[in-house]
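Here's the structure, in structure tokens; my notes come after.
The values are calculated or read from the model by the stated rules, or taken from the named source; none is laboratory data. Being a predicted model, the structure only gives us computed values, none of them experimental. No Cβ is skipped: glycine too gets one built from the backbone with ideal geometry, and neighbour counts run over all protein chains shown. Protein only, heavy atoms only, side chains kept; ligands, DNA and RNA dropped before computing areas. Shrake-Rupley method; radii C 1.70, N 1.55, O 1.52, S 1.80 Å.
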Amino acid sequence: GNSVTQMEGPVTLSEEAFLTINCTYTATGYPSLFWYVQYPGEGLQLLLKATKADDKGSNKGFEATYRKETTSFHLEKGSVQVSDSAVYFCALTGGSARQLTFGSGTQLTVLP
Amino acid sequence: SAVISQKPSRDICQRGTSLTIQCQVDSQVTMMFWYRQQPGQSLTLIATANQGSEATYESGFVIDKFPISRPNLTFSTLTVSNMSPEDSSIYLCSDSTGENTEAFFGQGTRLTVV
């Protein structure tokens with residue numbers, strides 16, 4: 001079955017630091033990959049997505065590239081802000097299973 | 001993108017009672033899903049809400065505890081029955097418009113059982 005392994009947290013960074021959150025997956029076929037973000041007290045918001053190998057998803061300065069050869073979809077941002085403090089979830093969907101499979105989530109705290 | 005509204009947004013309930021959570025989508029969607037997020041944890045799929053047929057439950061979740069309705073293509077409800085403190089979680093609904101597409105989520109229902 002499908003599974004997502006996500007970098008353990010929590011992660012604490014200073015403002016303007018570089019961010020990487022690792023995500024690897026196991027799936028049959030060709031899944032679509034997503035990063036969702038959950039700000040404190042809120043639901044999940046789609047941050048970015050990639051639907052095929054070598055696609056790069058990007059949004060709000062965040063990027064992730066779909067690497068089929070390493071089955072990875074690592075999230076990066078060159079300069080984080082305090083407002084980026086949230087929980088980040090890597091997820092996938094694929095094949096006939098339309099529901100999402102989530103990673104464990106990574107709590108990011110950015111200090112001023 | 002679909003807009004999904006959930007209510008209530010939060011509730012505090014007595015053990016042994018039941019709570020029904022409503023999920024409304026602003027457009028017709030083929031499938032709707034209900035997830036549970038226990039404190040500090042990731043999301044776990046409870047069931048797929050199918051329009052016109054019974055919901056499909058994941059392992060560890062049963063219809064008697066989490067009955068689901070899906071009367072049309074824009075609306076679904078999840079009931080958490082005979083609640084205990086272990087049911088304290090965030091419950092989220094989401095949609096699906098097709099294979100390999102992103103899902104959109106409601107803002108969640110934060111349930112505390114005392």
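Couple of notes before you dig in:
- Number of residues in segment A:51-86 that are of a type in the set (A, V, I, L, M, F, W, C) and at pLDDT below 95 equals 1.
- For B:S88: the one exception among (1) within 11 Å of chain A (Cβ to nearest Cβ); (2) over 17 Å from A:Q38 (Cβ atoms); (3) without any contact (Cβ under 8 Å) to a residue 60 or more places away in the chain: (1)
- Scan of segment A:14-29 for residues that are touching a strand residue (DSSP E or B) at 6+ places or on another chain (Cβ under 8 Å) and surrounded by fewer than 17 Cβ atoms within 10 Å (Cβ to Cβ), ordered by number: A:S14, A:E15, A:A17, A:F18, A:T20, A:N22, A:T26, A:T28, A:G29
- Only residues that are open to solvent by 50 Å² or more (accessible area, probe 1.4 Å) and of a type in the set (S, T, Y) were counted across segment A:68-88, and they come to 3.
- Looking only at residues in segment A:30-41 that are free of Cβ contacts under 8 Å to residues at least 60 places away in the same chain and out of contact with any strand residue (DSSP E or B) (no Cβ under 6 Å at 6 or more places or on another chain), the one that is most open to solvent (accessible area, probe 1.4 Å) is A:P40.
- Flag if A:L44 is of a type outside the set (S, T, Y), surrounded by 20 or more Cβ atoms within 10 Å (Cβ to Cβ) and more than 11 Å from every other protein chain (Cβ to nearest Cβ): no
- The lone exception for A:V11 - which of (1) closer than 16 Å to A:S85 by Cα; (2) within 10 Å of chain B (Cβ to nearest Cβ) it fails: (2)
- Qualifying residues in segment B:7-40 (those that are among the basic types (K, R) and within 12 Å of another protein chain (Cβ to nearest Cβ)) - the one farthest from A:G103 (Cα to Cα): B:R10
- A single member of B:L43, B:L78 is touching a residue at least 40 places away in the same chain (Cβ under 8 Å), of a type outside the set (V, I, T), on the phi < 0 side of the Ramachandran plot and within 10 Å of chain A (Cβ to nearest Cβ), and it is B:L43.
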